[in-house]
Amino acid sequence: MDDNKMIKTTYPAVRQFTADTGKISRDKHYMRALLEVDVSDALQKLKAIRTRENKVSFLAWFIHILGKCVANHPPIDGVLWKKNTAVTFENVDITTMVEKTVDEKRVPIPLVIRDVNYKSPLEITTEIQRGVDKEIETEKDFVLGASSNDRWLKLAVIVPQGVRVFFLRNFILRHPARVKRMMGTIVVTSLGTQRRIAGWVIPRNIHPLGIGIGSITKKAAVHQGEIKIREILHLTIAIDHDVVDGMPALCFVDELVNMIEAGEGLA
């Protein structure tokens, strides 16, 4: 092969954690659902409340609603502790991804948002923007908002993947308090909703509850007994089947969809 025609891309060390997540997620027992959710009314309400001082984002409002719904359905984000015990926390911590520049490369960095079930959409919007604006200075910033150990993160990026995966499985993911402190119990992945191509995001994750926000597209749908053009969100949900059975999961999904479609919290 002619070396002159090769294109090599070198990723920053933080990118290794993405590969670790993929490896661990293969062993998780998730129930997955691909949903179409009518967000026409919610988007209208969101547009109506926006001002120069109140620029609530769709993602922040979604996280706000998700936190409220999760708090109503324990143990939907429960962490399996012992063989027959799952631990759920009163305060809901949700991780979302913000794109940052590390070593001149654009990479997704986790941002942990604490106590979302007690925060307004505007407070969450502000926190997300603060994470977007924050400069990556050291390895401790590889998980924004996490209570993590700087020395552990420095070591984690240089040890072999097998060592990192073993440590994650045995010393973090089996300890509910550490899961909550280091990465939250829920992850929300959004690749941007304004896309011309209709489709779902099916991310790999290691959280008890994972949400993928796909595109929002206009399509014909039945609304109040009539066929109308509505704005439809493509939503993916992954729930840990080791913690939650099918019927409780269905009840959670049903309430979440109803809250989204009603534009709850956007009065």
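The values are calculated or read from the model by the stated rules, or taken from the named source; none is laboratory data. Because the structure is predicted, anything quoted here is derived from the model rather than measured. Here the Cβ is made from the backbone with ideal geometry for all residues, glycine too, and neighbour counts use every protein chain on show.
Within the stretch 34-59, residues that are within 22 Å of T236 (Cβ to Cβ) and touching a residue at least 60 places away in the same chain (Cβ under 8 Å) reach no partner that is β-branched (V, I, T) and surrounded by fewer than 18 Cβ atoms within 10 Å (Cβ to Cβ) with beta carbons closer than 6 Å at six or more positions or on different chains. Taken together, I232, I202, I213 contain a single residue that is within 20 Å of V98 (Cα to Cα), touching a Lys or Arg at 6+ places or on another chain (Cβ under 8 Å) and not in a helix (DSSP H, G or I), which is I202. Among the residues making up the stretch 165-186, a single one is charged (D, E, K, R) and crowded, with 20+ Cβ neighbours inside 10 Å: K180. Annotation: of all residues in the stretch 126-177 being basic (K, R) and in a loop (DSSP other than H, G, I, E, B), the one that is modelled with the lowest pLDDT is K134. Of all the residues in the stretch 209-231, those that are in contact with an Asp or Glu (Cβ under 8 Å, 6 or more places away or on another chain) and at pLDDT below 95 number 5.
Would you call D93 surrounded by fewer than 21 Cβ atoms within 10 Å (Cβ to Cβ) and farther than 18 Å from I260 by Cβ? For D93, the condition - surrounded by fewer than 21 Cβ atoms within 10 Å (Cβ to Cβ) and farther than 18 Å from I260 by Cβ - is not met.
Being of a type in the set (K, R) and surrounded by 14 or more Cβ atoms within 10 Å (Cβ to Cβ), is that true of even one residue in the stretch 209-219? Scanning the stretch 209-219, I find no residue that is of a type in the set (K, R) and surrounded by 14 or more Cβ atoms within 10 Å (Cβ to Cβ), so the answer is no. I213 passes every criterion in (1) under 24 Å from V165 (Cβ atoms); (2) within 14 Å of the chain's Cα centre (by Cα) apart from (1). Annotation: of all residues in the stretch 195-231 being in contact (Cβ under 8 Å) with a residue 60 or more places away in the chain and hydrophobic (A, V, I, L, M, F, W, C), the one that is nearest to I76 (Cα to Cα) is L209. Please enumerate the residues belonging to the stretch 100-113 that are at negative phi and either in contact (Cβ under 8 Å) with a residue 40 or more places away in the chain or not charged (D, E, K, R) (or both). Correct list: T101, V102, K105, V107, P108, I109, P110, L111, V112, I113.
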